[in-house]
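A.B. asks: Mind having a look at this structure? Questions to follow.
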Amino acid sequence: MARAPGAGPDDDRRTLVSAIGRNIRHIRQGRLSIEELARRADTSAGGVSLLENGRGNPSVETLRRLAAALEVELSDLLDVPTRVTRPTQIVRSAERPRRHAAHSEKLVELLTPGLLHEFTVSLFRLEAGEAFESRLDAHGAKAIFHVLAGTIEIAVGTELFELGPHDTLLLQVDGRRRVRNSGTEQAEIVTVFHPGGS
């Protein structure tokens with residue numbers, strides 16, 4: 001990180017802790033409460049709150065556990081984003097970051113440069129009959145599922161939505177959902193996620 005003229009090491013540390021805290025809050029919002037994140041990371045909610053507010057002195061081990069609980073790479077937390085200075089960015093097909101869908105083993109390709117944006121756009125494929133479940137503990141979060149090819153079913157609570165090619169579903173996401181390829185060919189789906197409030 002380049003040091004501003006007249007800035008000392010303490011200023012650099014505060015800037016980095018503030019950036020890490022913003023990143024944690026941005027990734028967490030719409031996915032987990034502070035309490036749930038703290039529980040999963042085996043740390044205190046107060047410590048997470050301090051960090052999200054740019055205070056504290058987290059150890060590398062604490063940051064590693066927070067990243068694991070958020071299901072992101074440690075580098076995602078340490079990223080001092082260029083999104084403020086570079087609002088226009090290209091994500092090349094071969095360079096797409098890959099992440100697990102929320103609390104699942106399903107890998108998705110990010111179509112956005114990373115998770116530190118107002119919304120996250122991802123692409124995933126399901127083979128015929130393949131299914132996965134994911135869970136978001138969030139209030140006010142929204143997701144859009146758009147089917148590029150194939151046929152899928154999305155179960156949310158007691159509701160079941162069937163989508164075919166070029167169909168789109170907008171839904172509130174709070175809790176468990178199951179996505180299944182109900183067709184005989186590979187399905188390709190784009191999702192847009194907006195975390196909503198904290």
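The values are calculated or read from the model by the stated rules, or taken from the named source; none is laboratory data. Since we're looking at a predicted model, the values are computed, not measured. Positions of Cβ are generated from backbone atoms using ideal geometry, with glycine treated the same way; all protein chains shown enter the neighbour counts.
A.B. asks: Do any residues in the range 53-68 that are surrounded by 13 or more Cβ atoms within 10 Å (Cβ to Cβ) have Cβ atoms under 7 Å from those of residues that are outside any helix (DSSP H, G or I) and at pLDDT below 90, where the two are at least six apart or on different chains, and which pairs are they?
C.D. replies: ALA67/GLU73
A.B. asks: So, restricting to strands (runs of 3 or more DSSP E) that lie completely within the range 94-198, which ones have at least 2 residues that are surrounded by fewer than 14 Cβ atoms within 10 Å (Cβ to Cβ) and either modelled with pLDDT under 85 or out of contact with any helix residue (DSSP H, G or I) (no Cβ under 6 Å at 6 or more places or on another chain) (or both)?
C.D. replies: Answer list for the range 94-198: 159-163, 168-172.
A.B. asks: So, one more: For the range 39-78, which residues satisfy the criterion of being of a type in the set (Gly, Ala, Ser) and under 20 Å from GLY140 (Cβ atoms)? I'd like the intermediate steps shown before the answer.
C.D. replies: Step one: of the range 39-78, the residues of a type in the set (Gly, Ala, Ser) are 41, 44-47, 49, 54, 56, 59, 67-69, 75.
Across the range 39-78, the qualifying residues are ALA45, SER49.
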